[in-house]
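Everything below concerns the one structure shown next.
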Amino acid sequence: MRTTLLFLAFTSLAVAKPNIVLIFADDLGYGDVDYQDGDVPTPNIDSIANGGVVFTDGYVTCPVCAPSRAGMLTGRYQQSFGFWDNIGPFRLNKDVIPGIPTDIPILSERLKKLGYTCGLFGKTHDGDAEKMQAFNRWDEFYGFNNGASNYLGDMNRPHNPIFHNKTIVSRPYSTREINNKDVNRDGVLVRDIENHLTDQIGDTAVKFIEANKENSFLCYIPFNAIHGPFQAPKSLVDKYADEPDKKRRIVKAMLDSMDQNIGKVLSALKKHRLEENTLVVFLSDNGGHEASPNKPLRGKKGTYWEGGLRIPFCMKWKGQLPAGKTFSKPVISLDLMPTFIAAAGSVIEADWKLDGTNLLPFLKGRSKARPHETLYWTWGARKAIRHLDLKVLTDDGGKSWKMFQLTQDIGENSDLSTKRPKKLKELIAKHHAWESTLMPQQWGWNKNLGYKDPTFGKPKPYHQSK
């Protein structure tokens, strides 16, 4: 009898583990999405926001691609393990292999130990094959390992490939080829639109959900939209013919395409009656680029202004999280790892050294505190700290600092550094203390690192035909 009860309890616990769908847009600005007064209809993204929680003060750990992803996937400030910059030609020494260290588990590895099947569909930006987490740390992978990819391809191209697991299934056109007038006219794709990469990512993610609907799964979808190169099907570009700016017109079409593919994913959850047992999260890897609005924020991708670090961020879990809720206290992408672990019914171990916080007690009303009193950033000459509602930043390595009261000045227009010098000094010291705990930068684009990788930018062995 006791054995039967234990079995039933275990079965109940296993069924209760929610599926997790993590949708990660690329270069999407704070003001791009419709639910934040954007100028592109995004009904599917909006359905996540309206059916769940919107984080008005949601941040990422870096305003560029790879470090931001490394922080989110590990739940740790990525500088704590030397991941300060995008993968670049320079290294601290010749023995350094760029990428998330293999001894630091990422989200998929944590969840696989809890019985989850984990798939990645889209862009990964994490070093070469030795550490490339897409090959080695997921049950299924469809996508590419690079900062960007053209959106069209076939098997006859010689360029960085699209993989399904370790099998090459497509090779994107080169920029020269994509600019051929028969393929692309100023970013408008006039043929092969059925092979648009955003559709490939969405369709493959749906197949993964359908194949694993009877089991707990993590479906991680890091779209490369709306990152350049700016390319979209003509039918969608024509939809925004009233937009006078040509580049913005194409970006609008790219966002529309991504939202449609998010709709496919959400429809699959509904079709298979998985909505009430699926936690869905949507956010961007950093602020918007030059063709993407960040209103009302200042700055853009690559800056430590709010427009580089604060991103659209929302979370839905039908029946578990309140619908239509706005959460205005600061949160960060680091919080996703502990939140997912808690949702799965497990606990965070101290030796994981996570910097994130489980958000569920705050979202369910069990805690009225702040998830974080202080958030930190550092990247090259740029440094920032947000303590409560004060933010201090520098973009010249600390030669000059600015300070803003964000709840009163979201656009960072009124510098308080000369009006509150004692508080400025206190927060600079707090940032220095945190920064002193970090591992030195291991690779990137800083030539002062000392060693230049002679193979950087050249085809890798795993790029060859298979």
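The values are calculated or read from the model by the stated rules, or taken from the named source; none is laboratory data. Note that the coordinates shown come from a computational prediction; the quantities given were computed from them, not determined experimentally. Using ideal geometry, Cβ is built from the backbone for each residue, glycine included, and neighbour counts are taken over all protein chains shown.
Quick look at the numbers
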| read-out | value |
| --- | --- |
| Region 219-239, residues that are touching a strand residue (DSSP E or B) at 6+ places or on another chain (Cβ under 9 Å) and among the aromatic types (Phe, Trp, Tyr) | 220, 223 |
| Residue count, region 230-262 (criterion: assigned to a loop (DSSP other than H, G, I, E, B) and buried (at least 17 other Cβ atoms within 10 Å of the Cβ)) | 4 |
| Residue within region 209-218 that is surrounded by 23 or more Cβ atoms within 10 Å (Cβ to Cβ), closer than 22 Å to residue 149 by Cβ and in contact with a helix residue (DSSP H, G or I) (Cβ under 7 Å, 6 or more places away or on another chain) present | no |
| Region 76-110 - residue that is part of a helix (DSSP H, G or I) and touching a helix residue (DSSP H, G or I) at 6+ places or on another chain (Cβ under 7 Å) and, of those, surrounded by the most Cβ atoms within 10 Å (Cβ to Cβ) | 78 |
| Check on residue 322, surrounded by fewer than 19 Cβ atoms within 10 Å (Cβ to Cβ), more than 22 Å from residue 63 (Cβ to Cβ) and modelled with pLDDT of 95 or more | yes |
| Residue pairs meeting the criteria (Cβ under 6 Å; at least 6 apart or on separate chains; first farther than 26 Å from residue 90 by Cα and assigned to a loop (DSSP other than H, G, I, E, B), in region 377-400; second at pLDDT 95 or above and of a type in the set (A, V, I, L, M)) | 389/406 |
| Subset of region 425-461 [modelled with pLDDT under 90 and part of a strand (DSSP E or B)] | none |
| Any chance residue 307 is within 14 Å of the chain's Cα centre (by Cα) and of a type outside the set (Ser, Thr, Tyr) | no |
| Selected residue (only one of 410, 428 is touching a residue at least 24 places away in the same chain (Cβ under 8 Å), in contact with an Asp or Glu (Cβ under 8 Å, 6 or more places away or on another chain) and more than 21 Å from residue 100 (Cα to Cα)) | 410 |
| Residue, farthest from residue 432 (Cα to Cα), within region 363-407, restricted to residues that are of a type in the set (Asp, Glu) and either under 21 Å from the mean Cα position of the chain (by Cα) or surrounded by 14 or more Cβ atoms within 10 Å (Cβ to Cβ) (or both) | 389 |
